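Read through the structure below, which is laid out as structure tokens, and then see the notes.
Values in this text are rule-based calculations from the coordinates and carry no lab data. None of these values were measured; they are calculated from a predicted model. Heads up, the Cβs are rebuilt from the backbone with ideal geometry, glycines too, and the neighbour counts pull from every protein chain shown.
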Amino acid sequence: MRKLYRKEEGRERGFTLIEMMIVIAILATVTGGIFLQLNTAQQRINTEQTKVDNFDEARDFVDQFFRDINQIGFPNGHMMNFLSPTLTTAQADTRVAVGLVKIDANSIWFEGDVSGTGLVQSVQYKINGAGTCALCLQRSAVPKVAGDPETGQGTPGPVWGTEVNDVITSPIFTYFNTSGTALTTLPLDINSNGATLATVKTIHINLTIQNNAIIDPRTKQPIQTSFEGEVSLNNCSMAANGFVGISCQ
């Protein structure tokens, strides 16, 4: 008796349409997650770079301020007292720097040879000095003009230049006397508050910059960058009692 054997042909089974759609959906989800993470990472990089740029801008500005303030009141009345024995004559002598002229929470004004050329300049740091930028801290340095340091600077007056943008701090400047006590009654000027002005020993500067155009992707808030610094000065002011040689603190 002959046995018959039937060879079963193997059949290859492919993916069904549903299985393909599931695979594609999974790949799309994974890919989308990767791109989302990359986009978030790029936003964080941009945010941190903006913070670094703002910090560098503030640091450079504060470094400029420290360089200027180190020259406050130079050359002073001790050096030139044979020419300028009183505050009145020192004001009229463009070779003599009277030191601090006026201080306020968001501005400071002084005289000194900040350029190292032997020429005394009238220097101001002020929020919105030019009147066109409400959140800009600006700097002006112009040659001293003989006359009252506050009102007699003549034409062209301050020339505003270097600035830090988007400053939201107030106060920016805090002043301490020789005893380390903060001076809270401001402004002080050389004509009305000379004796107090001459006691200023330390200036603390605090800058917080907020760029509303760039949002931190993590906090969903405008990014902020802060910078602080402090400088002690040899305040050879001619303000105290209006005479030379009284107030080098």
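When you filter the trypsin sites (Lys or Arg not before Pro) in the range 188-229 for DSSP loop state and at most 15 other Cβ atoms inside 10 Å of their Cβ, you are left with Arg218, Lys220. The shape of the range 131-210 comes out oblate: with a ≥ b ≥ c from the C-alpha gyration tensor, a/c is at least 1.5 while a/b does not beat b/c. In terms of surrounding Cβ atoms within a 10 Å radius of their Cβ, Leu137, Leu100, Leu188, Leu27 rank from fewest to most as Leu27, Leu188, Leu137, Leu100.
Here the label points at Thr132 and Leu183, each 7 Å from Cα along the C-beta direction, are separated by 3.2 nm in the simple model. The dipole here belongs to the range 93-211: it is taken about the Cα centre, uses +1 on the Cβ of Lys and Arg and -1 on the Cβ of Asp and Glu, and is about 120 debye. Listed from fewest to most Cβ neighbours within 10 Å, the set Leu197, Leu183 follows the order Leu183, Leu197. A straight chain from Asn191 to Ser232 at 0.36 nm per residue would run longer than the Cα-Cα distance by 12.5 nm.
Each of Glu163, Glu230 has some number of other Cβ atoms within 10 Å of its Cβ, and from fewest to most they run Glu230, Glu163. Over all other residues within a Cβ to Cβ distance under 14 Å of Val159, the charged ones net out to +2, with Lys and Arg as +1 and Asp and Glu as -1. Between Leu27 and Glu150, the simple label model (points 7 Å from Cα in the Cβ direction) yields a spacing of 7.8 nm.
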